[in-house]
Amino acid sequence: MSDSGEAVTGTGFRPFFWVDGQLRVREWPEVTARALAIPAAEAIGRHCSEVLRGCFTGREPPCAACRNDVPRRSATSSARPDRAAGCARLPVAQGDELALMWAPLSRLVSGDAGHANTERLLVRGALAAHLGSIEETLEWLRRACAADDCELFLLDASGREVFLVDCEGLDRDAFMQITRMPLGTGYPGLVTQAQRPLFTNHLQQDGLLQRADVQRCGIRSLIGVPLASGGRALGYLGLGWRDERVPMDWALRLLQDLKALIPLAIPRPSAGSPALDAPQQGLAVRCLGAWQVRIDGMAVPYSAFGRRKAVELLQHLVLARGRPLARERLVDLLWPDAGPDAGNGRLHVVVNALRTALAAGGPAGAAGYVVWRGDGYALDLARAHAVDLYEFLDRVAAARRALRAGNEVQALAWQESAQECYGGTLFADQVLGDELEGERARLARSFIELSYEIVGTRLRWGQLDGALRAARHALDIEPLAPDLHELLISLLQAGGRTAEARRATKACRALLGYAPEVESSRIGRVLRPLR
């Protein structure tokens with residue numbers, strides 16, 4: 001069994017809500033009230049287990065959310081964490097004072113695409129605030145997806161095998177039955193080689209699985225997605241459940257979003273992520289992909305900002321790239337409904353919170369990155385800094401200059417360098433306001449157009465394999481972009497790679513719920529050298 005199984009077309013999502021440190025419901029969104037037919041008045045203030053009756057069957061241990069969050073393994077203990085039955089919980093804000101909760105998979109409901117997108121953004125944002133060691137990151141991921149087990153394989157230095165880095169969950173020993181697999185063997189080897197997901201709800205009858213102990217321990221649903229960095233295969237991320245009813249459409253969409261966080265937890269020698277190559281001096285900000293801030297090489301955790309608006313302020317200042325933003329403009333961006341007096345007071349508090357957060361990540365002088373210049377606030381880019389967004393934009397601009405000068409070879413080099421620099425959607429783990437959403441869409445469109453240009457150049461030079469590498473790398477970064485699926489499928493079809501085109505079409509249908517059927521005029525122009 002694999003991705004040729006159940007169709008992946010749904011927009012299911014888990015209802016979500018917020019609880020305090022004693023697991024009393026603090027906020028109960030209207031979408032959750034509608035989905036579960038439980039009004040907010042009946043939920044707020046009550047323990048989550050009282051609100052969500054039926055979480056447990058009596059045969060399972062208590063909900064993982066009702067116990068300590070991340071189990072620690074001591075060097076002298078072989079005890080494994082209990083399975084994550086019931087709800088999924090990830091703390092937000094400071095400590096355990098506030099946490100996001102997702103209802104059990106048994107409570108997954110149908111909704112529009114916006115509800116499903118909101119769930120994925122919330123999960124990704126909460127996980128991004130808790131990235132630590134590989135072990136902790138996999139454990140948080142396991143719990144967030146309500147899975148029984150979560151494993152990570154990476155490609156070894158030879159490029160011919162994948163090796164098990166770690167597995168978190170009750171069935172760790174079973175998953176560790178085989179710790180190395182050749183490419184093309186088993187779920188880890190097949191997914192890494194083909195760079196496409198595999199999934200099944202019928203693992204007990206699946207001939208692809210190489211580890212009989214995993215079947216014997218009762219795992220029935222399994223999903224694996226490929227990891228890539230800089231256009232190169234990196235490895236495999238897998239989740240397993242004992243429940244055979246896990247909706248694979250929901251799981252695939254969620255895991256495709258969350259996998260971008262995994263390279264952030266991989267030790268630097270194993271990953272080529274630009275965010276991990278941040279300089280050891282000054283301010284470093286990763287905007288493309290999961291939000292990350294470092295001062296002198298030390299990460300500034302999300303909790304250090306204290307206020308959500310402090311993060312938003314820094315994002316606006318980064319996008320302004322040293323240009324001062326007037327006080328009135330910032331108030332309008334951060335609090336569009338606030339009056340001038342109230343807005344100015346709030347802005348003063350948030351600016352201080354941002355400066356305090358930056359100082360907490362390094363020397364006190366780091367607070368000086370936020371300066372008053374002319375008639376507004378700005379980032380002081382005369383100080384040491386590294387921002388992946390600026391690198392991407394500068395490389396795109398250099399490619400355009402080379403094209404204007406008639407140097408197509410140099411232009412392609414800059415374009416491919418820019419494509420590698422683009423680590424993902426702008427502030428991918430954040431829920432953004434309209435202003436930043438517009439910038440996110442513009443950057444994504446710029447990346448897609450850049451990828452089309454690379455493919456077109458490679459085809460004009462008769463380099464089909466190079467064109468395919470560029471198209472596949474683009475899809476690794478923006479897997480939900482219909483244009484990129486259309487590009488890859490059309491490229492494979494025009495190149496006579498029929499079987500690969502069918503697999504790419506299935507992958508597209510799995511992710512988007514449909515596959516492109518009509519070739520656009522732009523695709524036709526790009527593919528003209530093949531015809």
*For the range 261-280, which residues satisfy the criterion of being polar (S, T, N, Q) and at pLDDT 75 or above?*
none
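Take the conditions in contact with a Ser or Thr (Cβ under 8 Å, 6 or more places away or on another chain), at pLDDT below 80 and at positive phi and apply them to Gly306. Does it pass?
Working: in contact with a Ser or Thr (Cβ under 8 Å, 6 or more places away or on another chain): yes; at pLDDT below 80: yes; at positive phi: yes.
Criteria met by Gly306.
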*List every residue pair whose Cβ atoms lie under 6 Å apart, where the two residues are 6 or more positions apart in sequence or sit on different chains, the first residue falls within the range 32-50 and is within 16 Å of Ser110 (Cβ to Cβ), and the second residue, located anywhere, is at pLDDT below 85 and among the β-branched types (Val, Ile, Thr).*
Ala35/Val109
*Give the range 194-212 a look and list any residue that's farther than 30 Å from Ala501 by Cβ and part of a loop (DSSP other than H, G, I, E, B), or say none.*
Arg211
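Residue-by-condition table, conditions (1) out of contact with any His (no Cβ under 8 Å at 6 or more places or on another chain); (2) modelled with pLDDT of 85 or more; (3) closer than 16 Å to Phe153 by Cα:
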position: Trp250; (1), (2), (3): yes, yes, no
position: Leu283; (1), (2), (3): no, yes, no
position: Val293; (1), (2), (3): yes, yes, no
position: Pro301; (1), (2), (3): yes, no, no
*Looking only at the range 171-193, and only at residues there that are in contact (Cβ under 8 Å) with a residue 40 or more places away in the chain and of a type in the set (D, E, K, R), the one that is nearest to Leu152 (Cα to Cα)*: Arg172
*Would you kindly identify the helices (runs of 4 or more DSSP H) lying entirely within the range 463-531 that contain at least 1 residues that are without any contact (Cβ under 8 Å) to a residue 24 or more places away in the chain and among the basic types (Lys, Arg)?*
498-512
*Considering the range 93-130 alone, what residues qualify as being under 22 Å from Pro263 (Cα atoms), modelled with pLDDT under 75 and surrounded by fewer than 19 Cβ atoms within 10 Å (Cβ to Cβ)?*
Ala129
*Inside the range 153-187, can you point out the residues that are in contact with a Pro (Cβ under 9 Å, 6 or more places away or on another chain) and buried (at least 23 other Cβ atoms within 10 Å of the Cβ)?*
Phe153, Val162, Glu168, Gly169
_Checking Arg400 against (1) under 21 Å from Arg308 (Cα atoms); (2) modelled with pLDDT of 90 or more, only one condition comes out false. Which one?_
(1)
*Taking the range 379-401 as the region of interest, how many residues are within 14 Å of Gly423 (Cβ to Cβ) and in contact (Cβ under 8 Å) with a residue 60 or more places away in the chain?*
7
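For (1) within 22 Å of Ile295 (Cβ to Cβ); (2) at pLDDT 90 or above; (3) in a helix (DSSP H, G or I), each residue gets a yes or a no:
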residue	(1), (2), (3)
Leu314	yes, yes, yes
Ala342	no, no, yes
Ala367	yes, no, yes
Val371	yes, yes, no
Arg383	yes, no, no
Leu389	yes, yes, yes
Leu393	no, yes, yes
_Odd one out for Trp414 among (1) under 23 Å from Arg458 (Cα atoms); (2) touching a residue at least 40 places away in the same chain (Cβ under 8 Å); (3) buried (at least 20 other Cβ atoms within 10 Å of the Cβ)_ = (2)
*If you scan the range 447-463, which residues turn out to be farther than 17 Å from Leu426 by Cα and among the β-branched types (Val, Ile, Thr)?*
Ile454, Val455, Thr457
*asked:* Every residue in the range 454-479 that is charged (D, E, K, R) and under 21 Å from Arg400 (Cα atoms), please.
replied: Arg458, Arg460
*Some residue of the range 427-445 being in the same structural domain as Ala399 (by TED's automatic domain parsing), buried (at least 22 other Cβ atoms within 10 Å of the Cβ), assigned to a loop (DSSP other than H, G, I, E, B) and on the phi > 0 side of the Ramachandran plot*: yes
*Can we say Ser158 is closer than 30 Å to Phe16 by Cα, among the hydroxyl-bearing types (Ser, Thr, Tyr) and modelled with pLDDT under 85?*
no
*Yes or no: Ala398 part of a helix (DSSP H, G or I) and under 28 Å from Arg528 (Cβ atoms)?*
yes
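The values are calculated or read from the model by the stated rules, or taken from the named source; none is laboratory data. Keep in mind that what you see is a predicted model, and the values were worked out from it rather than measured. Every residue, glycine among them, receives a Cβ derived from its backbone with ideal geometry; neighbour counts consider all protein chains shown.
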